[in-house]
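What follows is a set of notes on a single structure, which appears directly below.
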Amino acid sequence: MRGLRSAETRRGLRACAPQWHRRRALQAVGAAILVAGSTDAARAAESAPRIVALNWAFAEILLTLDVAPIAVNDRFAYGRTVSWPAMPPAVVDVGIGGAPNFEALHAIRPDRILITPAQDYLRAALSKIAPVESIGLFMPDGEPYRRAAAATLRIADDVGARPKADDLLAGAAGTIDQARSALRDYRGAPVYLLGLLDNRHARVFGRRSLFQDVLGMLGLRNAWTGSTNEFGFATIGIEMLAQEQDARIVNILPLPVAARSVTESAFWRNLPAVNRRGVTTIGPVWPFGGVATAARFAGLLVQSLSSEPA
Amino acid sequence: MTADRIEAPPLRFAGLIGLAAVAAAIAAAMTAQTLAARLPSDLWWQAVTAPDLADPRQFLVHFAVLPRIVTCWLCGASLALAGTLLQQALQNPLVEPGTLGLSSGAFLALTIALVLLPDLGRLGQEAVAMIGSGLVAILVFGLMLARQLAPIPLLLAGMIAGMTCAALASCALLFANPYDTSLFLWGAGSLSQNDWSAVSLLWPQLALCAAVAVLLARPLDVMGLDAASARSLGLNVFGVRAAALAVATVLTASVTAAVGVIGFVGLAAPALAGMMGARRFAQRLLWAPPVGALLLWFSDQFVIVSSSLDREWIPTGAATALAGTPLLLWLAARSRMRREAPRAASWMQAARGRPLRLVAGFYVLLALSVVVSLFFGNGVHGWHWSDTAQMLELSPWRAPRLFGAIAAGAMLAVTGVLMQRLTGNAMAGPEVLGVGSGAALGMIALAFVAPAMSGVAQFIASACGAGSVLLVMAAMSRSAAFDPDRLLLVGIALAAFLNVAAVAVMATGNPNVVALRIWLSGSTQFVMRDQAALAIGLALALIGISLLAGRWLELLSLGGSTGQALGLNIAKARLAILLLAACLTAAAVLIVGPLGFVGLMSPHLARMAGLRRAGAELLGAALLGALIMALADWAGRNLLFPYQLPAGLVATFIGGPYFMWLMRKSGQ
């Protein structure tokens with residue numbers, strides 16, 4: 001993969017960026033017409049720009065735009081934690097997102113590296129390898145869904161897949177609308193969105209989380225009204241769940257190894273929420289993903305809640 | 001060995017007892033407040049004995065609030081009992097379950113078990129913790145059998161084993177699901193409970209161990225004499241020691257399995273009990289567990305009351321240092337410590353002839369390691385030797401971190417030499433002094449104030465932090481004219497306190513601290529070229545200055561009075577050496593975070609190789625420290641490509657087992 005373009009060609013391509021984008025967009029449209037619906041990996045890899053995603057949300061956006069990233073962080077853990085969308089085997093692992101391997105990045109010769117503002121300390125080192133683009137999804141003023149939509153459009157412009165992005169966003173909005181009407185008759189309890197951490201602690205998702213945006217769009221009430229960090233969750237002891245007595249618990253997979261036995265404990269079974277309303281389990285779904293994950297979460301929520309009596 | 005028992009003048013007795021009573025009253029008041037917030041007081045008794053489970057308030061009190069309090073008491077008492085036994089058996093007031101690596105061993109075993117055997121029940125976890133703690137104990141004590149379990153080598157071996165276990169465990173945490181914080185939470189010592197299972201497992205073990213401890217009280221009391229006298233009285237010194245250590249192992253394992261790693265209680269409680277006037281061992285055995293229970297209870301209630309209703313701002317395991325450290329420092333500053341006899345024996349052994357050849361040999365090894373590190377490594381396409389062109393292409397990412405690591409290793413090693421000769425205590429090192437932590441905290445403060453940091457600003461902040469710690473230590477120690485053991489005690493307490501403050505600061509979730517967390521783990525990945533050049537320059541300059549102080553170091557290691565008789569101005573010399581050590585530590589911490597291991601180990605390796613004179617030891621230790629860090633940097637970069645192990649962690653893996661093996665064979 002290293003020898004496909006010489007240094008001069010790459011520099012030349014970057015210099016005439018607008019024409020390059022237009023040419024790439026035309027090529028993409030033409031390819032789409034000729035090979036309708038095909039996602040041939042080799043051909044796509046040759047024509048698509050080589051983008052490194054140092055955050056799983058960006059990887060998700062790229063994959064749902066049918067452009068595989070050439071490298072991603074924490075590839076090893078991706079299958080266990082996120083698993084959707086499926087990561088093609090050819091994607092290179094560059095280490096942990098907080099400390100990616102510079103030599104590996106240099107070796108694969110990327111055209112662009114995507115980071116979040118939390119990784120800005122990497123900018124100086126990464127700029128020596130490829131142009132760096134920083135996109136923030138979870139910021140102190142919240143609204144991650146809107147930011148994820150904007151990020152999808154921005155990344156789509158980078159790879160020349162704008163039509164696909166528009167389709168994606170429209171599809172997600174449609175899914176969520178459908179979910180909202182399916183839940184119109186759900187006059188049920190407010191929900192706790194829970195990610196168990198171990199036998200005694202859990203992550204509860206509230207204000208500023210992606211899931212909260214979806215809940216708002218679905219017209220559901222979140223039982224957790226306490227403070228959250230800028231990723232939209234709070235780490236609490238499970239006993240805090242006893243405060244809201246009329247709530248329902250939605251347990252979000254994956255379940256960490258340390259939390260396997262919590263559902264058998266006497267405490268859990270006697271929690272008011274568990275006792276009166278039972279526990280719903282959904283997922284695995286990634287709490288820090290993008291628009292496609294949000295739509296998928298809405299769908300999963302509808303499946304589990306609409307089958308329950310109000 | 002010396003028997004440094006911290007003694008308080010009798011007049012203090014009443015005052016300190018009063019202090020304890022006040023603390024107990026405050027803790028009780030805070031508990032009452034927490035309970036009252038959840039449940040009206042007329043329902044309290046019902047909630048304890050026959051709770052109405054349909055009432056969520058009583059449910060909470062019965063299943064969450066009360067078990068937490070009782071677990072606090074049991075854990076505090078267990079750790080204090082373990083600490084008392086260890087301190088008496090080893091005749092050293094600075095020993096605790098953490099120092100001997102027992103807590104870390106249990107924690108590592110539990111971490112591994114959670115990954116490999118996720119369906120293990122509570123009893124299984126207890127067993128695993130005991131196995132882990134026991135294995136570390138057997139390893140440490142088995143290796144030190146050849147030295148008759150002499151206190152200082154045992155302590156060293158225990159500390160190294162503990163650091164190795166902690167490093168292994170944090171590696172597992174680094175590469176486990178990166179968004180899975182469960183192991184981190186539990187490792188930090190959270191006392192949150194949701195049933196009585198922890199209590200039901202803790203109290204039988206505590207009762208059994210307390211019974212055995214009572215049986216051991218008489219023999220351990222005799223251990224207060226030196227080993228020869230004890231043996232002449234018919235005591236089986238080894239057997240009694242082993243028994244005491246076994247009991248401490250069981251206690252530590254039970255606490256770690258229940259609530260994770262809780263530090264400082266095992267160190268503080270016996271010391272406080274001693275300061276309150278419990279001078280005989282039997283008295284300490286009686287009073288230390290309640291003091292430990294009180295300490296932990298107070299810390300936990302403080303955490304609960306000062307948190308918002310939603311979540312805790314710091315795990316209790318870290319908060320124990322916040323509660324215990326200032327109190328201990330204050331008490332240590334006011335009580336008199338028995339002066340130690342000069343411990344010059346190890347440094348006065350005959351030096352090897354021709355030290356320069358050895359030093360030159362170390363230099364050649366270092367040069368070789370530099371070449372290997374730059375040319376050989378792992379990559380996207382596997383292991384390969386680079387040719388010159390490839391090496392130059394990759395050197396922007398290989399050379400700065402390599403030379404930064406070398407400089408930091410050398411500086412830390414020299415700091416270790418300075419501190420060990422200054423205090424006459426083989427356990428001394430930059431981390432033990434708290435200077436490394438002070439420098440780290442200076443860096444963290446700067447990251448909050450000015451996120452865009454320049455190299456010079458970083459060094460100034462780091463040096464300010466280190467210097468402040470140094471000033472505090474000097475002020476606290478002034479009355480005893482820098483008595484070495486008091487310096488060490490103060491340093492350890494300060495290091496614990498500052499580490500806790502760093503943890504609390506990191507827990508705020510400020511995005512700037514992500515980079516800091518990686519740096520604090522000892523990673524060399526982000527060293528830039530100008531930083532590396534600065535580090536090399538500083539290293540050469542400061543090590544050169546240290547060599548000039550060679551004569552002072554020789555005289556200081558002869559002990560206070562001898563040195564003074566030979567014309568040394570003790571206070572001035574000590575102050576100058578402390579300042580030098582602070583600058584060295586600040587510079588090293590700037591590069592690789594607060595590592596203490598290399599600084600602890602390199603002087604020992606240099607002495608074991610036969611370098612005994614101060615100048616030769618300085619040079620040899622510096623080169624060895626640089627060599628270890630170079631190898632650690634290379635291994636961290638390549639072994640798990642593309643994942644990178646921080647060089648500090650790898651240095652612990654390399655150094656720990658090898659060092660323990662060397663400890664077994666040769667004298668110090």
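Some points to look at:
- Elements of the type helices (runs of 4 or more DSSP H) sitting completely within region B:184-296 and holding at least 3 residues that are surrounded by fewer than 21 Cβ atoms within 10 Å (Cβ to Cβ) and free of Cβ contacts under 8 Å to residues at least 24 places away in the same chain: these cover B:197-222, B:227-232.
- Top-ranked residue in region B:49-104 [being among the hydroxyl-bearing types (Ser, Thr, Tyr) and over 24 Å from residue B:200 (Cβ atoms); ranked as farthest from the chain's Cα centre (by Cα)]: B:84
Each row is one residue, and each column tells you yes or no for (1) more than 14 Å from chain A (Cβ to nearest Cβ); (2) buried (at least 21 other Cβ atoms within 10 Å of the Cβ); (3) outside any loop (DSSP other than H, G, I, E, B).
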residue	(1), (2), (3)
B:522	no, yes, no
B:530	no, no, yes
B:537	yes, no, yes
B:546	yes, yes, yes
B:564	yes, no, yes
B:573	yes, no, yes
B:580	yes, no, yes
B:586	yes, yes, yes
B:590	yes, yes, yes
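- In region B:383-427, the residue that is modelled with the lowest pLDDT out of those that are buried (at least 20 other Cβ atoms within 10 Å of the Cβ) and among the hydroxyl-bearing types (Ser, Thr, Tyr) is B:423.
- Every residue from region A:86-137 that is within 10 Å of chain B (Cβ to nearest Cβ), outside any helix (DSSP H, G or I) and either on the phi > 0 side of the Ramachandran plot or touching a residue at least 60 places away in the same chain (Cβ under 8 Å) (or both): A:95, A:116
- Complete set of residues in region B:371-391 that are within 13 Å of chain A (Cβ to nearest Cβ) and not aromatic (Phe, Trp, Tyr): B:373, B:374, B:377, B:378, B:379, B:380, B:381, B:382, B:384, B:386, B:390, B:391
- Condition check for residue A:216: over 30 Å from residue B:315 (Cα atoms), within 19 Å of the chain's Cα centre (by Cα) and either surrounded by fewer than 19 Cβ atoms within 10 Å (Cβ to Cβ) or of a type in the set (Asp, Glu) (or both): yes
- Tally of residues being buried (at least 22 other Cβ atoms within 10 Å of the Cβ) and within 22 Å of the chain's Cα centre (by Cα) across region B:105-127: 7
- Region B:625-651 - residue that is part of a loop (DSSP other than H, G, I, E, B) and either under 24 Å from the mean Cα position of the chain (by Cα) or crowded, with 24+ Cβ neighbours inside 10 Å (or both) and, of those, farthest from the other protein chains (Cβ to nearest Cβ): B:645
- So residue A:244, is it facing chain B (nearest Cβ under 10 Å) and either of a type in the set (Phe, Trp, Tyr) or assigned to a helix (DSSP H, G or I) (or both): no
The values are calculated or read from the model by the stated rules, or taken from the named source; none is laboratory data. Just so we're clear, the structure is a prediction, and the values are computed from it rather than from any experiment. Neighbour counts are summed over all protein chains in view; Cβ atoms, including those assigned to glycine, are modelled from backbone coordinates with ideal geometry.
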